[in-house]
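Working notes for the structure below.
Quick note: the coordinates plus some simple rules give every number you see, no bench work behind them. Just so it is clear, the structure is predicted and the values come from calculations on it, not from any experiment. Positions of Cβ are generated from backbone atoms using ideal geometry, with glycine treated the same way; all protein chains shown enter the neighbour counts.
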Amino acid sequence: MPDDLLPRFAFEGAPVGLACLIGPERRIAAANPALCAALGVAPGDLVGRRLADLDHPLSPGSGQDLPGRDVAGRDLPGEACWRRVDGSPVWVRLRTGPERDGCRIVAVEVAEGGARAEQTRLALASAGLGEWSWNPADGRITLSDRAAAILGYPAGATPTWPALQDAVARDDLERIRATVQDAVAKAIPYAVEMRFRRAGDGQEAWISARGQATVAPDGRLTGMIGVLQDVTAREEARRALHDREQRLRVATTVAALGIFEWHVLDDQSLWENERMWEIFGRRPQDGTISMREFFRTVVHPEDKAEFRRAVTAALHSDGVLHATARIRRAADEASGPESWRTIEMAGRFERDGPAGLPRRLIGVVADITGRRLAEERQSLLIRELHHRVKNTLATVQAIVGSTARTASSIDSFYEAFVGRIMSLAHTHSVLTEDVWQTASLRGLLENELRPYADGEMRPDTGGRVELDGPAVDLPSEIAVPIGMAIHELTTNAAKYGALSNRAGRVRIRWSLEPGADRPRLRFHWQESGGPTVAPPTRQGFGSRLLQRVLTTQVQAEVETDYAPGGLALTMLAPLPLRNPALNPLATL
């Protein structure tokens, strides 16, 4: 026998499968009859194919080149699962020989099918996986006992694909169909998840299915095999976690809380929601703030020591942090220019163990600037209220005493007393309704003089009453005495002066003048056309109010002229400076 025929005879007649691999991709140049018989293919059908093309989905390296099948020529795996021409799996053991003349011989030994199949079933069952296969000839799906139990079928059931489709949620069906069709066209494995109505009890379950199409050498679809798993518990846990995260996100959004994590060892921060960026006046592209930068450039210098003490106390106790500080917020379009804000931080340190080092701080941040300003404003308003009540009681006491001394009868006392109290009440009502606790000077004048005006009270209209001056809001501390003075001037004019007949007129002018440290109000009251005026023979309540109360409470300079042609009064009063904290409309 010639020398070249001897190796060929040994190759063809070997009782085990042999394949000759050549080229960089290690393609099959020749396969002996034993290997073709093991895979159920005709002689020559394996020529030109790679060993990776024979992989079954159950193979450990399914869908990718196994070690040793690259150009480096590394060793092949000891075992693999290949696909026969009918799509069924066959487990093989591989041994490689040395490379000679660019050719490497691979010995393929078929493993004992029963033992290998049983091992495979046990492995799949322990992982909670059930096997399935689809036969296009009759359209039925063969289920392992585990797969049947997962889908709610009895053992040995072979449902059709249309029957299974009816149990799949409508929203998932089209997605699954598209995924499988794409995988079959590309000859790759696929994985899908779906909601499935179990056949036995009708309960909805979440099923994870994996599979791959089997094809003949000519590319014809011969079936489909795979595994499936019940992932309902995992999906319910995932959805429960998602719901909790959503509830937490909604709660923090409604409460305007920023959520953060601070990793202690590397001093890195994670900001979990948009509110954190808003509080600090930063943009995501600016990056977060490390704790070192927080203490160095963000916290107000006067608050650093107290904030550090709070952090130290949390680290040495139960890990719970509560701290308040003023921070410098950067300028942005939403919050405007750079400003100091007051924040409240709450969180808990996580440790590596009961006595371990702190690993991270998880917490929330709230911007309490508005609340702090409201608390300060409330405190100021309470003090303002106490002061106003004391002044009001003193004014009422003076009204009662003076009215009683000057009244000639019970009726005259009642008329004068009620008029003065109503004027006082109106001024307080105006102050209460105004958010700034002020009263309009023009409003006070119009309220008192409107009953005597015969038309509009604007200047140069020929009316009986003329009011001429800019808009002036009187702070509460001077609005009450000035309001009482206007009432007394109006009452005196109606009884004895220009408003006591039809020909008399009253003209009031006012203006604002600059002062040394604050503006001053110049107020001028002029009567004309009334009865002849003479200086009073005794000082009544109105005179005392104009001379004493305005001088004492308003620090005003008051000049009164009892000229025969009509009473004239001039008042020059400084306007108190307003405390911005009393303004609830101030920008927070």
- Query: Of Phe11, Phe349, how do they rank once you tally other Cβ atoms within 10 Å and put the fewest first?
  - Reply: Phe11, Phe349
- Item | segment 115-236, relative contact order [Cα under 8 Å, separation at least 6], % | 25 percent
- Extension length gain for Ser511 and Ser412 (0.36 nm per residue less Cα distance), in nm, is 32.0 nm
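If we count other beta carbons within 10 Å of each Cβ, what is the order of His263, His322, His56, His487, fewest first?
So the residues, fewest neighbours to most, are His322, His263, His56, His487.
What ranking of Ser476, Ser379 emerges when the number of other C-beta atoms within 10 Å of each C-beta is taken as an exposure proxy, fewest first?
Ser379, Ser476
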- In nanometres, the difference between 0.36 nm per residue of separation and the alpha-carbon distance of Arg372 and His242 is 43.3 nm
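Pick out, in residue order, every one of the trypsin sites (Lys or Arg not before Pro) in segment 478-520 that is DSSP loop and has at most 15 other C-beta atoms within 10 Å; say none if there are none. Before the final figure, lay out each step's value.
Working: sites: Lys495, Arg502, Arg505, Arg507, Arg509, Arg520; in loops: Arg502.
Listed in order of number, the matching sites are Arg502.
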- The extension gain from Ala330 to Gln181, computed as 0.36 nm times the residue separation minus the Cα-Cα distance, is 48.2 nm
- Query: Points 7 angstrom from Cα along the Cβ direction at Asn135 and Arg170: gap in nanometres?
  - Reply: 3.4 nm
- Note on the structure: Under 5 Å from the placed amide H of Arg351, counting only residues 5+ away or on other chains, we find Arg359
- Message: Can you work out the Karplus-derived ³J(HN,Hα) for every residue in segment 522-529? Use 6.51 cos²θ - 1.76 cosθ + 1.60 with θ = phi - 60°, whole Hz, and x for glycine or proline.
- Response: 9, 10, 10, 10, 10, 9, 7, x
- Query: Once label points are set 7 Å from the Cα along Cα→Cβ at both Arg220 and Ser500, what is their separation, rounded to one decimal in nm?
  - Reply: 12.8 nm
